[in-house]
Structures are given as C-alpha cells and as structure tokens.
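Participant: Pasting a structure here, questions to come.
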Amino acid sequence: MAIDDLAEPRFSPEVTAVMAAMTDAARRCPLEPDRLREAAVDSTGLEDFGDPAFGARLDVLCSSLALESGLSAMGTVSWYSQLVQFLANRLLVQDLLIRHPEIHEERIERPIIICGLPRTGTTHLHNLLSADPALRHLPYWESLQPVLPDNERPGPGEPDPRRARTAQALELLDAAMPLFKRMHDMTVDHAHEEIQLLAIDLSSMLFETMAPVPSWRDHYKASDQTPSYAYLRTVLKVLQWLRGGTRWVLKSPQHLEQFRPLVAAFPDATFVVTHRDPVAVTISVATMVTYTARLAVEQVDPVSFGRYWSDRTEDLVSACGRDRHVLPASRSIDVRFDDFMADDMGTVARIYELAGQPLPDASRAAMAAFARQHPRGRHGAVAYDPEALGIDPAERRAALAPYTERFKIAPDERW
C-alpha cells in the first residue's frame with residue numbers, strides 16, 4: 001500500500017479533534033530546561049538528578065527544538081511530556097540508587113548486543129532472542145518508565161499501571177498513524193531498544209526520530225558517548241535488581257557509530273552486526289520517520305526528511321566500516337539480511353554458539369511460537385517511493401559503495 005499523504009497528512013475526525021485540543025495545552029508546555037526540571041521535580045517530589053552533565057545536553061536539545069524543529073501544538077505537548085518523563089525517570093533512578101547502593105553490585109554479564117541499521121532484520125532477530133526465557137530483554141512498557149514511584153507500585157496480584165498507560169498511548173498512535181504498524185509493529189510487550197534508556201541521560205538517537213533537531217545531532221555526534229553508555233549499564237543494573245534476569249539481549253542502530261563506547265560499557269558482550277543494502281534501508285527509514293513526523297511538526301517536508309536520513313544512514317554505515325575492528329573478532333559476527341531471512345533459526349544457532357549460550361528445545365520452541373504468532377508482514381506492507389523523498393537510488397548507491405563493498409552486500413531493489 002502506498003502512503004499518499006506524506007506531505008499533507010490526513011487524519012480521522014476523532015484524531016483531528018484531539019489535535020485541535022492541543023493548541024491550548026501547548027501553551028502550558030514550555031520546552032525550557034528549567035521549567036522541564038521543575039515539572040519533573042513536582043511530579044516525583046525528588047530533587048537529585050545525579051551527574052549534572054546531562055544539563056548541557058538538555059540545553060542544546062531545547063534550543064534546537066525552539067529554533068529548528070517547527071513543532072506543531074501536538075508535537076510541543078508530546079515533546080514536553082516525554083522530556084518531563086525522561087527527567088522524572090532520572091530522578092527515580094537516582095533515588096533508588098541512593099536508597100539501595102547494593103544495586104551497583106549487580107553484574108551485567110556477557111550481554112548479546114545487536115548492532116545494525118533499521119530494516120536489516122534487527123527487530124525480528126531481537127524478538128526471536130527475546131522470546132527465549134533464558135534471556136532478559138527490555139519490554140516496551142518497562143522502557144518508558146523503568147522505575148515506579150513507591151506510591152504506584154502494585155501489590156501482589158495487582159496489574160502494573162505502566163502496562164495500561166502504554167496500551168492507551170499505543171491506541172492513539174494506531175489511530176493517528178494506521179500504516180505505522182506495517183513498518184514497525186509496536187505493542188505493550190514488544191522487545192524495545194535501549195535508546196529509550198539512553199534518553200534518560202539526554203543522549204540518544206531517539207530524539208532525531210522525533211523531530212528535526214540538527215544542532216542537537218551535531219552536538220551529539222561531536223561528543224564522547226562513553227559516559228552515557230556507562231549510565232545505560234547502570235540503568236540495566238537497576239532493572240535487573242528490580243525484575244531479575246541474568247543475561248541481556250540488547251539492540252539499537254545507534255550502536256553502529258558508537259562501537260568504542262559500547263565495548264567500554266560491555267567489554268564481555270557478544271556483538272551481532274546486521275547488514276542489508278543501505279539504499280533500501282535509507283528509503284525505508286526516511287519513509288517511516290517522515291510518516292511519523294505528522295504527529296510532531298507543523299509542516300511535513302518529505303524531501304527534507306529524505307535528505308536528513310540519507311546523511312544519517314551514511315554516517316552510521318561509514319562509522320561501522322571505520323570501527324568494525326573494535327569489536328572483538330572472537331565475540332562478534334556479521335549477519336546479512338538475506339541469509340538471516342533464508343534461515344533465521346540457523347542464524348540464531350550460530351549466534352548462540354558464538355555467545356556460549358545454550359539453545360535447548362524449550363528455547364527453540366519459544367522462538368518458534370513467537371514466529372508463528374508474529375508472521376512477517378502480518379499487518380500488510382507499504383510501497384516505498386524514493387522520488388517522493390527526493391532520494392536518487394543511483395546517487396545513494398555510489399555514495400554508499402565503500403560500505404557495500406567492504407561487507408559484500410548485494411543491491412536490494414525491494415523498497
């Protein structure tokens with residue numbers, strides 16, 4: 001199915017009414033660092049944010065939002081809500097660490113980390129591994145609010161309030177963007193990326209997917225991410241202490257340009273680097289981000305988004321080629337998309353062997369059950385149009401040739 005309203009989004013009457021109601025709400029949502037901090041303090045009753053270095057990143061992000069993003073009223077409210085939540089999460093994490101210093105003694109041992117561009121099979125691989133009860137993953141509902149305040153913690157047998165809140169938000173997302181699930185299926189329990197946790201340290205590629213923030217992007221790219229990856233490790237310790245788990249499976253495309261900080265934070269990890277024709281990936285990612293922009297910006301410019309994500313995809317694959325040697329050869333593997341799609345369980349078996357992780361019948365059965373219940377394309381497909389994004393596939397193929405030649409990736413016209 002083609003998306004014929006990228007530049008001029010159409011919404012149902014119900015969603016249009018919700019968006020209209022956001023005009024007044026946006027006036028009460030200042031995207032200003034001090035006001036955001038105050039709102040987080042008010043919502044939690046806590047004041048200690050921990051290491052203050054995040055403040056400089058918050059300043060740059062807010063400035064970029066004000067000057068460059070072109071946010072709509074809906075976008076302003078959404079950004080305000082999410083930034084306040086990130087800051088509240090930070091306060092709650094810091095408070096728990098102060099009250100329970102033994103959390104620092106938790107050991108994050110030998111995680112399996114998937115590093116690859118979006119649309120390269122990372123989601124399917126992540127979901128298969130996360131279906132294994134022997135591995136610990138990050139469910140979406142937990143990623144949004146890692147630590148509950150004491151007054152919200154459910155008693156024995158009571159439901160976790162985070163699940164209901166997540167379900168409600170996903171209902172609005174599905175109503176406003178009914179084609180999104182064809183590109184990336186979001187559920188309450190799906191295995192989510194740890195960029196949501198890195199955002200608590202105000203350092204994550206997640207922000208770039210939410211609105212155009214080029215100044216913040218430049219600041220992020222120019223900054224050493226080692227401290228933020230160390231913070232990620234600490235948050236994983238918190239989650240492990242709260243809900244258990246002994247071996248994590250993680251995943252994010254962000255890691256492609258952060259191999260050094262990633263290895264510094266997780267020196268004993270097994271790394272899985274996925275590959276697919278980056279031209280097809282660029283077109284797919286640019287389409288998805290352009291489509292989601294309708295909930296954030298006043299005027300969607302598909303060509304601008306196409307240019308932005310062409311550049312960012314090139315950044316990611318160039319960094320991957322430059323730093324691939326940083327990943328230990330004895331604990332890293334390259335996986336090509338076509339090979340994985342042709343034999344997904346064979347690929348899983350090779351990863352488990354490399355990682356020294358047992359693959360008993362029970363784990364295989366759990367993965368097979370997930371695959372049966374979540375067949376590829378179960379919500380339908382999207383027809384991608386590079387011309388609508390101002391993307392010239394031939395130009396992109398030439399620009400990305402060093403990466404495709406290095407990793408022996410065949411052209412893929414299936415966009």
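Participant: Among (1) in a helix (DSSP H, G or I); (2) open to solvent by less than 40 Å² (accessible area, probe 1.4 Å); (3) within 18 Å of L232 (Cα to Cα); (4) touching a Lys or Arg at 6+ places or on another chain (Cβ under 9 Å), where does H104 come up short?
Facilitator: Result: H104 fails condition (2) only.
Participant: Further question on the same structure: Being assigned to a helix (DSSP H, G or I), open to solvent by 40 Å² or more (accessible area, probe 1.4 Å) and closer than 23 Å to V60 by Cβ is true for just one of D174, D218. Which residue is that?
Facilitator: D218
Participant: Here is a further query. Give the residue, chosen from Y384, Y403, that is under 27 Å from Y291 (Cβ atoms), touching a Ser or Thr at 6+ places or on another chain (Cβ under 8 Å) and open to solvent by 40 Å² or more (accessible area, probe 1.4 Å). Give the steps one after another, and end with the answer.
Facilitator: Working: Y403 fails: open to solvent by 40 Å² or more (accessible area, probe 1.4 Å).
Going through Y384, Y403 in turn, just one is under 27 Å from Y291 (Cβ atoms), touching a Ser or Thr at 6+ places or on another chain (Cβ under 8 Å) and open to solvent by 40 Å² or more (accessible area, probe 1.4 Å): Y384.
Participant: Something else about it: Residues to consider are D51, D42, D5; find the one that is over 20 Å from L198 (Cβ atoms), among the acidic types (D, E) and either under 23 Å from the mean Cα position of the chain (by Cα) or part of a loop (DSSP other than H, G, I, E, B) (or both). Explain how you work it out, then say what you get.
Facilitator: Values: D51 fails: over 20 Å from L198 (Cβ atoms); D42 fails: either under 23 Å from the mean Cα position of the chain (by Cα) or part of a loop (DSSP other than H, G, I, E, B) (or both).
Result of the check over D51, D42, D5: D5.
Participant: Still on this structure, I have one more. Do you know which residues across region 282-317 are within 25 Å of M341 (Cβ to Cβ) and touching a Gly at 6+ places or on another chain (Cβ under 9 Å)?
Facilitator: T282, I283, A286, T287, S310, listed by residue number.
Participant: Then there is this: Considering only region 71-96, state which residues are open to solvent by 20 Å² or more (accessible area, probe 1.4 Å) and over 22 Å from the mean Cα position of the chain (by Cα).
Facilitator: A73, Q94, D95
Participant: Does any residue of region 243-254 turn out to be touching an Asp or Glu at 6+ places or on another chain (Cβ under 7 Å), part of a helix (DSSP H, G or I) and open to solvent by 20 Å² or more (accessible area, probe 1.4 Å)?
Facilitator: Among the residues of region 243-254, not one is touching an Asp or Glu at 6+ places or on another chain (Cβ under 7 Å), part of a helix (DSSP H, G or I) and open to solvent by 20 Å² or more (accessible area, probe 1.4 Å), which makes the answer no.
Participant: Now for a different question. So the check is Cβ under 6 Å with 6+ separation or different chains; which pairs have a first residue in region 112-137 that's in contact (Cβ under 8 Å) with a residue 40 or more places away in the chain and on the phi > 0 side of the Ramachandran plot and a second one that's crowded, with 24+ Cβ neighbours inside 10 Å and among the aliphatic types (A, V, I, L, M)?
Facilitator: Going by the 6 Å Cβ cut-off, the qualifying pairs are R119/V281.
So that you can scan it fast, the table gives a plain yes or no per residue for (1) surrounded by 14 or more Cβ atoms within 10 Å (Cβ to Cβ); (2) under 22 Å from L117 (Cβ atoms); (3) free of Cβ contacts under 8 Å to residues at least 40 places away in the same chain:
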position: P149; (1), (2), (3): yes, no, no
position: E158; (1), (2), (3): no, no, yes
position: R165; (1), (2), (3): yes, no, yes
position: Q168; (1), (2), (3): no, no, yes
position: K181; (1), (2), (3): yes, yes, no
position: A191; (1), (2), (3): yes, yes, no
position: Q196; (1), (2), (3): yes, yes, no
position: S203; (1), (2), (3): yes, yes, no
position: E208; (1), (2), (3): yes, yes, no
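The values are calculated or read from the model by the stated rules, or taken from the named source; none is laboratory data. Predicted model only: the values in this text are computed from it and were never measured. When we count neighbours, we look across all protein chains shown, and the Cβ atoms used for this are built from the backbone with ideal geometry, even at glycine. For the accessible areas, the whole protein counts, side chains as well, though only heavy atoms, and no ligand, DNA or RNA atoms are used. Shrake-Rupley method; radii C 1.70, N 1.55, O 1.52, S 1.80 Å.
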